[in-house]
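Trainee: I am attaching a structure below and will ask some questions about it afterwards.
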Amino acid sequence: MASRQSKSSQDTAGAGTTPSAATPTRHVEIETKLEIPSARALPILTGRRTTTAVGLVGAADPLTFELDAVYFDTAELDLLRSRLTLRHRTGGEDAGWHLKLPALAGARTEIGLPLESVDVDPLTAHVPAALADLVLGAARGRALRPVARIRNVRTVRRLLDSAGTAMIEVADDQVTSTRLTIADSAAGVTAGRVAAFSASEPTRWRELEVEILAGDRDQLGAVVALLRQAGAKPASSASKLARALDAHRTPPAGKTKSAHTNSVGPVVTGVLSRLRDHLIGADRGLREGTEVALHDARAAARRVRSVLSVYSPVFEPGATRSLRTTLRDFGVVLGRARDLEVLQRRLVGQLVEEPTEYATAAAARMNAAFAAALPVALADVAELIRSQPYLDMLRELDAFIATPPFSRRATKSASTELPLHLSAAWRDLDGLVEQALGDPFGSPGLHDVRKSAKALRYAAEAASATLGDAAVVFAAAIEEIQEVLGEHQDAAAAAAWLAALALEPDTDGVSGFVFGRLHAFEQAVAHGTVDDFSDAWDRVEDGDILAGVFGR
């Protein structure tokens, strides 16, 4: 067994990282991974009818590189379970730090940063702060450390079009991997101490990566087909790291041995596991500042809360309370920023109907108000997702899924239990609707109906894999109520915000006049949605929709 020495990272958000002045690069990979016996010769890929037909008419001289990559993850392999890989690699044409994100629509994004120095032993390297922050949520704030070393002799063949442009690359990899384990326990390693890494006996295999450069999927498919005919087969693991760690044989976190039964407990925790993965994906979007991140993260948290709420009898009494509370608090912080974004788009968009001389003044006053409030709300989000309570929430959710505190009802059939819980949530919603229709503008009235409807919709969607089309139709009907009441809520919030802004000392007379006009419009919208809600509720109460889910 080989052994190396490395300084350990602390189990905190910022430990084991180093700042970098470089701007991360982004590269989208569209590739197919294959395996092929070590001694098998590759077929000639040019001059073939199938490759010529798609415009591949030549090949560059082969290039050979020696690559050395050390992969970083938590001791629990949180990144790999989130389909992320983070490595420090030397050799080849793209040496550096690489963070590979989960594939979407057959394409995988790689975020890269240059190495601080090629002379640094990768086992002593610290993850750049920019990359460490991107994976902080996926890592649940745990320390990142080397988990595997993969050395690779790569022979690259690039296939060209008639102009000599490289269209497709075939990388023929002779791989040698070792798993790295830390000799000291995670709890025993402290700052300044030296952690001993032990390497497993090496494993070897041969792998092909066929990637689009300037080409297209037809060209990729033609090359892959020739390689398959020569004896290559789809790779057994999604990544070299997964194979090196035998991760394809390790059940993902949150999956239990009974996950494939039809008992309601494993069905619900399976749903929670998928929603947890969506939340982790949205977490990364928040850190990158993507346009839809606030919406996605807020929706993911709400879906988890809804499942925990509607299906709470599947678990021991009170077992879901703590998680639901922390998820609610998380949603509140996100909601302040998200609501401001929605409100700004809504109100600024309405100004197109106003005369230019009025709209210009009103837009300037509005945008000044949003410019003061929105950065504060976004800063609150940024602080929250880097806080220990938030990371603890993610760990608590993991633990809940991995070892669910089931009640006796968890062993009952999902096909009979899920409708019972949905029916109970429906009765609660029905009672709220009856009160709200009697006094639509009472407090809290329609707002409570909307929240209850959203929870019921999310719970019904979560049950659709078990209950089928009936749950899908029911959820769609509930969604109509949610959308109508969402418009009511947005209009009421806009009216209140306009009234408050009009009273502020920095609001001039022209702007105040426009705000009054918009306020009247928003009030009219809010009142109009009450009738829309009543009509939508009548449609939901249709006997066929309810009978499909509840059997009545």
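Trainee: Of everything in the range 301-320 that's open to solvent by 10 Å² or more (accessible area, probe 1.4 Å) and either among the aliphatic types (A, V, I, L, M) or at pLDDT below 95 (or both), which residue is farthest from Asp392 (Cα to Cα)?
Mentor: Per the criteria, the residue is Val310.
Trainee: Given the criteria under 32 Å from the mean Cα position of the chain (by Cα) and of a type in the set (A, V, I, L, M), does Ala491 qualify? It would help to see each step written out before you state the result.
Mentor: Details: under 32 Å from the mean Cα position of the chain (by Cα): yes; of a type in the set (A, V, I, L, M): yes.
Answer is yes for this residue.
Trainee: Need pairs with beta-carbon distance below 6 Å; first residue touching a residue at least 12 places away in the same chain (Cβ under 8 Å) and within the range 296-317, second open to solvent by 50 Å² or more (accessible area, probe 1.4 Å) and in a helix (DSSP H, G or I); sequence gap 6+ or separate chains.
Mentor: Partner pairs satisfying both residue conditions: Ala300/His278; Arg305/Arg324; Leu308/Arg324; Pro313/Arg409; Val314/Arg409.
Trainee: Can I ask one more? Residues to consider are Ala232, Ala225; find the one that is of a type in the set (Gly, Ala, Ser), in contact (Cβ under 8 Å) with a residue 12 or more places away in the chain and in contact with a strand residue (DSSP E or B) (Cβ under 6 Å, 6 or more places away or on another chain).
Mentor: Details: Ala225 fails: in contact with a strand residue (DSSP E or B) (Cβ under 6 Å, 6 or more places away or on another chain).
Only one candidate passes the filter, namely Ala232.
Trainee: For the range 157-175, give me each residue that is open to solvent by 20 Å² or more (accessible area, probe 1.4 Å) and either closer than 23 Å to Thr203 by Cβ or modelled with pLDDT under 95 (or both).
Mentor: Gln174
Trainee: Sticking with this structure for a sec: Go through the range 96-108 residue by residue and tally those that are assigned to a strand (DSSP E or B) and either open to solvent by 30 Å² or more (accessible area, probe 1.4 Å) or polar (S, T, N, Q) (or both). Walk me through how you get there before you give the answer.
Mentor: First, the residues of the range 96-108 that are assigned to a strand (DSSP E or B): 96-100, 104, 107-108.
Then keep just the ones that are either open to solvent by 30 Å² or more (accessible area, probe 1.4 Å) or polar (S, T, N, Q) (or both); that gives 104, 108.
Count: 2.
Trainee: Can you name every residue in the range 109-133 that is open to solvent by 20 Å² or more (accessible area, probe 1.4 Å) and within 26 Å of the chain's Cα centre (by Cα)?
Mentor: Step one: of the range 109-133, the residues open to solvent by 20 Å² or more (accessible area, probe 1.4 Å) are 109, 114-121, 124, 126, 129-130, 133.
Passing the criteria: Thr109, Pro114, His126, Ala129, Ala130, Asp133.
Trainee: In addition: Under 21 Å from Ala242 (Cβ atoms), open to solvent by 30 Å² or more (accessible area, probe 1.4 Å) and either in a loop (DSSP other than H, G, I, E, B) or at pLDDT 95 or above (or both), is that true of Glu93?
Mentor: Numbers: under 21 Å from Ala242 (Cβ atoms): no; open to solvent by 30 Å² or more (accessible area, probe 1.4 Å): yes; either in a loop (DSSP other than H, G, I, E, B) or at pLDDT 95 or above (or both): yes.
In short, no.
Trainee: Still on this structure, please answer the following. Going through Ala494, Ala536 one at a time, which residue ends up being under 30 Å from Arg274 (Cβ atoms) and either assigned to a helix (DSSP H, G or I) or at pLDDT below 95 (or both)? Even if it seems obvious, please write down each step before you answer.
Mentor: Working: Ala494 fails: under 30 Å from Arg274 (Cβ atoms).
Only one candidate qualifies: Ala536.
Trainee: Could you check, for the range 463-485, whether at least one of its residues is among the polar types (S, T, N, Q) and over 23 Å from Val304 (Cβ atoms)?
Mentor: Keep residues of the range 463-485 that are among the polar types (S, T, N, Q), which gives 464, 466, 482.
Remaining after also requiring over 23 Å from Val304 (Cβ atoms): none.
No, that holds for no residue.
Trainee: How many residues does the range 539-552 contain that are open to solvent by less than 20 Å² (accessible area, probe 1.4 Å) and at pLDDT 80 or above?
Mentor: Residues of the range 539-552 that are open to solvent by less than 20 Å² (accessible area, probe 1.4 Å), as a first pass: 540, 546, 549.
Imposing the further condition that a residue be at pLDDT 80 or above reduces the set to 540.
Number of matching residues: 1.
Trainee: Which of (1) at pLDDT 95 or above; (2) under 22 Å from Arg328 (Cβ atoms); (3) not aromatic (Phe, Trp, Tyr) does Ala410 not meet, given it meets every other one?
Mentor: Among (1) at pLDDT 95 or above; (2) under 22 Å from Arg328 (Cβ atoms); (3) not aromatic (Phe, Trp, Tyr), the lone unmet condition for Ala410 is (2).
Trainee: I'd like to verify a number: residues in the range 141-156 that are open to solvent by 10 Å² or more (accessible area, probe 1.4 Å), farther than 17 Å from Tyr71 by Cα and in contact with a Pro (Cβ under 9 Å, 6 or more places away or on another chain), how many?
Mentor: 1
Trainee: Please identify the pairs in which a residue from the range 414-443 that is within 19 Å of Arg457 (Cα to Cα) has its Cβ atom under 6 Å from the Cβ atom of a residue that is of a type outside the set (A, V, I, L, M, F, W, C) and open to solvent by 60 Å² or more (accessible area, probe 1.4 Å), counting only partners at least 6 apart or on another chain.
Mentor: Ala414/Asn262
Trainee: Of the conditions (1) over 25 Å from the mean Cα position of the chain (by Cα); (2) within 20 Å of Arg302 (Cα to Cα), Asp469 clears all except one; give me its number.
Mentor: Condition not satisfied by Asp469: (2).
Trainee: Quick check: is even one residue across the range 65-84 open to solvent by 70 Å² or more (accessible area, probe 1.4 Å), in a loop (DSSP other than H, G, I, E, B) and at pLDDT 95 or above?
Mentor: Here is the first cut: in the range 65-84, the residues open to solvent by 70 Å² or more (accessible area, probe 1.4 Å) are 66, 76, 81, 83.
If we keep only those that are in a loop (DSSP other than H, G, I, E, B) as well, we get 76, 83.
Right, trim to at pLDDT 95 or above and you get none.
No, that holds for no residue.
Trainee: Taking Arg298 as the residue in question, decide whether it is more than 25 Å from Arg81 (Cβ to Cβ) and assigned to a helix (DSSP H, G or I). Walk me through how you get there before you give the answer.
Mentor: Numbers: more than 25 Å from Arg81 (Cβ to Cβ): no; assigned to a helix (DSSP H, G or I): yes.
The answer is no for Arg298.
Trainee: Just name the residue that is surrounded by the fewest Cβ atoms within 10 Å (Cβ to Cβ) out of those in the range 230-255 that are modelled with pLDDT under 65 and over 22 Å from Ala300 (Cβ atoms). Steps first, answer last, please.
Mentor: Initially, the range 230-255 is screened for residues modelled with pLDDT under 65, giving 247-255.
If we keep only those that are over 22 Å from Ala300 (Cβ atoms) as well, we get 247-251.
Values: Ala247: 18, His248: 12, Arg249: 9, Thr250: 13, Pro251: 11.
This residue is Arg249.
Trainee: Ala460 fails exactly one of the following numbered conditions: (1) over 33 Å from the mean Cα position of the chain (by Cα); (2) in a helix (DSSP H, G or I); (3) in contact (Cβ under 8 Å) with a residue 40 or more places away in the chain. What is the number of that condition?
Mentor: Of everything listed in (1) over 33 Å from the mean Cα position of the chain (by Cα); (2) in a helix (DSSP H, G or I); (3) in contact (Cβ under 8 Å) with a residue 40 or more places away in the chain, Ala460 misses just condition (1).
Trainee: Which members of the range 417-438 meet the condition of being over 23 Å from Asp535 (Cα atoms) and open to solvent by 80 Å² or more (accessible area, probe 1.4 Å)?
Mentor: Scanning the range 417-438 gives a single hit, Leu420.
Trainee: Across the range 505-531, which residue is nearest to Arg365 (Cα to Cα) among those that are without any contact (Cβ under 8 Å) to a residue 12 or more places away in the chain and under 41 Å from the mean Cα position of the chain (by Cα)?
Mentor: Taking the range 505-531 as the starting set, the residues that turn out to be without any contact (Cβ under 8 Å) to a residue 12 or more places away in the chain are 505, 509, 512, 520, 524, 527-528, 531.
Filter once more, so that each one left must be under 41 Å from the mean Cα position of the chain (by Cα): 520, 524, 527-528, 531.
Details: Ala520: 18, Ala524: 23, His527: 27, Gly528: 28, Asp531: 33 Å.
Checking each candidate, the answer is Ala520.
The values are calculated or read from the model by the stated rules, or taken from the named source; none is laboratory data. What you see is a predicted model; the values in this text were computed from it and never measured. Note: ideal-geometry Cβ built from the backbone for every residue, glycine included; neighbour counts use all protein chains shown. Areas reflect the complete protein model, heavy atoms only, side chains present, ligands, DNA and RNA absent. Shrake-Rupley method; radii C 1.70, N 1.55, O 1.52, S 1.80 Å.
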